[in-house]
Amino acid sequence: MTPMPRDWSALGERLAAWEPPQGAFNPGGAWSLRYTRHALIPELDGTPGRGAQSGTLRLEQQPDQETLQLRAAETVTTGYSAPTTLAEITCTKDALLTPRRWALTIRWQTSAPGKVTAGELDQKRGGHVEGKELVFQATRERRRPAPERWTSFWSLFAAVQRLPFAQGSVLTFDLFEELELHKPGHRLAYIGPHPVAQGAKTLNLHVFEQTGHGVLPWRWWLDDQHRVLLAAGGRLAYLLESGATGGVA
């Protein structure tokens, strides 16, 4: 029997009740996907295995004639606090779904009494492309030259689903995490098909790997419908919620 790949085995018993999605999926159409965010904590021998749910990520795509609207809502559960980032991104219809304009709202919930007042940590920021510059707007405006090819981490969930399952499917780009932190020299490449045993079933999946400055390698696991089932890198993984159909007409 083929051993369970590291990205999947790291989830351990959290996969016991998980079921892969069913039904058709159109990566270029309108859809909504919801992921559970998992923290992965290595065992003493270095293998991953421990950890727990650490939040959620919901992504919605709505294409129009000239651009594509991408919405992300990511909640990170950490200690007593749970910040939620709401992102509205207008993307160019290119291979990277390059952001053209974006607006982010960050809201904090905390159960630690006496630490902060309601809304004290909330913030809004955004930005847009202006000519060959990226314009970032928060407490003050900041500008920098736009890389030749770039995208956001949230955009990758939609962009990788559009790539063909073929050797030579490669994207090179600079990454902007949370549409702010610049991490250059990234490469997203098709590795090949990889079966994964799931109970009595075998999932016929396809793997893309992302490497670049500032991150540990990420692997994107897609089903035959081009739907991202699992994205995993370093000590973090996003698993598509059990039983999700994947598409919203």
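Every read-out reported here was derived from the displayed coordinates using simple, explicitly stated rules and does not represent laboratory data. Here the structure is a predicted model, which is why all the values come from computation and not from measurement. Note that we place each Cβ from the backbone using ideal geometry, even for glycine, and neighbour counts take in every protein chain shown.
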### Task
First obtain the Kirkwood hydrodynamic radius of segment 1-95 from its Cα pairs, then insert it into the Stokes-Einstein equation at 37 °C and 0.692 mPa s, and state the resulting D in µm² per second as a whole number.
204
### Gained length - Ser111 relative to Lys124, 0.36 nm times residue gap less alpha-carbon distance
2.5 nm
## Note on the structure
Expected max-MSF residue from Gly29, Gly168, Gly192 in the GNM of the chain (alpha carbon, under 10 Å) is Gly168
### Message
Could you compute the longest span of the chain free of trypsin sites (Lys or Arg not before Pro) located in DSSP loops and having at most 15 other Cβ atoms within 10 Å, not counting the site residues?
### Response
1-92
### Message
Helix-only mean residue ellipticity at 222 nm, the chain, DSSP H runs n ≥ 4 weighted -39,500 (n - 2.57), per residue, nearest 500. What is it?
### Response
-1000 deg cm²/dmol
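Order by neighbour count: Val129, Val160, fewest other Cβ atoms within 10 Å first, most last.
Fewest-to-most Cβ neighbours within 10 Å comes out as Val129, Val160.
Once fully extended, how much extra length lies between Leu181 and Gln198, figured as 0.36 nm per residue of separation less the alpha-carbon to alpha-carbon distance? Write out the running numbers ahead of the final one.
On the way: separation 17, 0.36 × 17 = 6.12 nm, distance 3.63 nm.
Extending this stretch completely gives an extra 2.5 nm.
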### Query
Once Rh is set to the Kirkwood radius over Cα pairs, what Stokes-Einstein translational diffusion coefficient, in µm²/s, holds for the chain at a temperature of 25 °C and a viscosity of 0.890 mPa s?
128
### Summary
Under a Gaussian network model of the chain whose springs join Cα atoms within less than 10 Å, the largest fluctuation of Gly79, Gly127, Gly28 belongs to Gly79
### Query
Given springs between every Cα pair under 10 Å in a Gaussian network model of the chain, which of Thr211, Thr202, Thr56 has the largest fluctuation?
Thr202
### Query
Can you tell which of Met4, Ala166, His128 lies farthest toward the positive end of the dipole of the chain, using +1 and -1 charges on the Cβ of basic and acidic side chains (Lys, Arg; Asp, Glu)?
His128
### Task
Determine the dipole magnitude for the chain: charges of +1 sit on the beta-carbon of Lys and Arg, -1 on that of Asp and Glu, nothing else is charged, the reference point is the Cα centre, and the result goes in debye to the nearest 20.
320
### Those residues of segment 195-217 whose amide nitrogen sits under 13 Å from the label point placed on Phe165, 7 Å along Cα→Cβ
195-196, 203-208
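Assuming a ≥ b ≥ c are the square roots of the Cα gyration tensor eigenvalues, decide whether segment 105-243 counts as rounded (a/c under 1.5), prolate (otherwise, with a/b larger than b/c) or oblate.
Oblate, since a/c reaches 1.5 and b/c is not below a/b.
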### Query
From the backbone phi of segment 205-214, what are the Karplus-calculated ³J(HN,Hα) couplings (6.51 cos²θ - 1.76 cosθ + 1.60, θ = phi - 60°) in whole Hz, Gly and Pro given as x?
10, 10, 10, 10, 10, 10, 10, x, 5, x
### Query
Considering every pair of different Cα atoms, what Kirkwood radius, in Å, is found for segment 162-217?
12.9
### Summary
Sequence order, segment 20-31: Karplus ³J(HN,Hα) from phi using 6.51 cos²θ - 1.76 cosθ + 1.60, θ = phi - 60°, Hz rounded, Gly and Pro as x, gives x, x, 10, x, 6, 8, 10, x, x, x, 8, 8
### Message
Show me, bin by bin at 10 Å from 0, the whole-percent P(r) of segment 121-192 based on Cα pairs.
### Response
17, 44, 27, 10, 2
